[in-house]
Amino acid sequence: MASEAPGAAQVGAKERRRPSRGMYVLPSLFTAGNIAAGYYAITQSIQGSVAAPEFFDRAALAIGFAVLFDSVDGMIARLTNTASDFGRELDSLADVITFGVAPSLLAYLWGFKMLPVTDYVALRGRIIHLGVFVCFLFLICGASRLARFNISVNPQPRNPGRPGKKYFVGMPIPAGAGVVASVVHFENGSPITDLRLSVVWLCLILFTGFLMVSTWRFWSGKEISLGQRHPFQLVALIVAIGAVIALYSEYALIVLSLGYLVSGVLARLAYSWGQKRRQASGLR
């Protein structure tokens, strides 16, 4: 009987370490905040116009806050050991709404719908129709990116990076939504009224959608942890970045979002260039 006591004590300790049922609700609350931000962004986008650009700006900021909520809920689930299948499914559904539907609607209303009626009526109509199609493609690409992420086990990018370092395969959907939101916020919500700029916007939305379904590598940041040797340096860096974003949000957010987009493109080009060099040296 005495030999069974340690085993019973270990089982009791494991049961004590198991999170309470109430703790499982905590990550879902942040996911609910994610959905709320997406719903708010949709309602604000619908109210936006040339005369009231502040509604577009509010929608962009709501998507930006949703990116923060999305990162926090996963972090809390890992720290509290409360990850669950329900939480993962809810998070995916929230991402489709907040980072798929909301930014695609914002991209259409801000970048195409507000084009003024000019002498080029036929051209305006074609651009608006193309805008509807491209914004829908953005939504489909984002949903496909989420579906691929959910079913993938240890996915590897087409252009692998450093061994042992984790990467995202394709641009994450929150980052894609961040590209849309940061550009709108950079313009303080003032919609596009020039046909040429509208074409540039169309190309950016289309390319962002392509990056989400691509197999190119993007930095995941999963190696960053507060449990590192110098956590205070990391905290100080996070606080500094947060302060810069708070003070200069228009510039900081667009630099971060477009910089992340460009990083994936540069990683792909660097890998292709290195592969060609290796093939050329092998032929010699």
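In segment 240-264, the qualifying residues are those that are at pLDDT 95 or above and β-branched (V, I, T), and the one that is surrounded by the most Cβ atoms within 10 Å (Cβ to Cβ) is I254. Among the criteria (1) without any contact (Cβ under 8 Å) to a residue 24 or more places away in the chain; (2) more than 22 Å from S263 (Cβ to Cβ), the one S198 does not fulfil is (1). Taken as a whole, the condition of being under 21 Å from V183 (Cα atoms) and part of a helix (DSSP H, G or I) applies to D70. Candidates are the residues of segment 70-123 that are at pLDDT below 85 and of a type in the set (D, E); the one that is farthest from the chain's Cα centre (by Cα) is D119.
When L137, L211, L206 are checked against the criterion of being touching a Gly at 6+ places or on another chain (Cβ under 7 Å), under 24 Å from L269 (Cα atoms) and at pLDDT 95 or above, a single residue qualifies: L211.
Show me the helices (runs of 4 or more DSSP H) entirely contained within segment 86-186 in which 3 or more residues are surrounded by fewer than 19 Cβ atoms within 10 Å (Cβ to Cβ).
In segment 86-186, the matching helices (runs of 4 or more DSSP H) lie at 121-151.
The one condition from (1) surrounded by fewer than 15 Cβ atoms within 10 Å (Cβ to Cβ); (2) among the small types (G, A, S); (3) farther than 15 Å from A175 by Cα that A267 does not meet is (1). When A59 is tested against the conditions (1) surrounded by fewer than 22 Cβ atoms within 10 Å (Cβ to Cβ); (2) of a type in the set (A, V, I, L, M, F, W, C); (3) under 18 Å from D95 (Cα atoms), the lone failure is (1).
Residue count for segment 187-200 satisfying the condition of being part of a loop (DSSP other than H, G, I, E, B) and modelled with pLDDT under 95: 2.
The values are calculated or read from the model by the stated rules, or taken from the named source; none is laboratory data. All figures in this text were calculated on a predicted structure; none of them were measured in a lab. In this analysis, Cβ positions are derived from the backbone assuming ideal geometry, glycine residues included, and neighbour counts consider all displayed protein chains.
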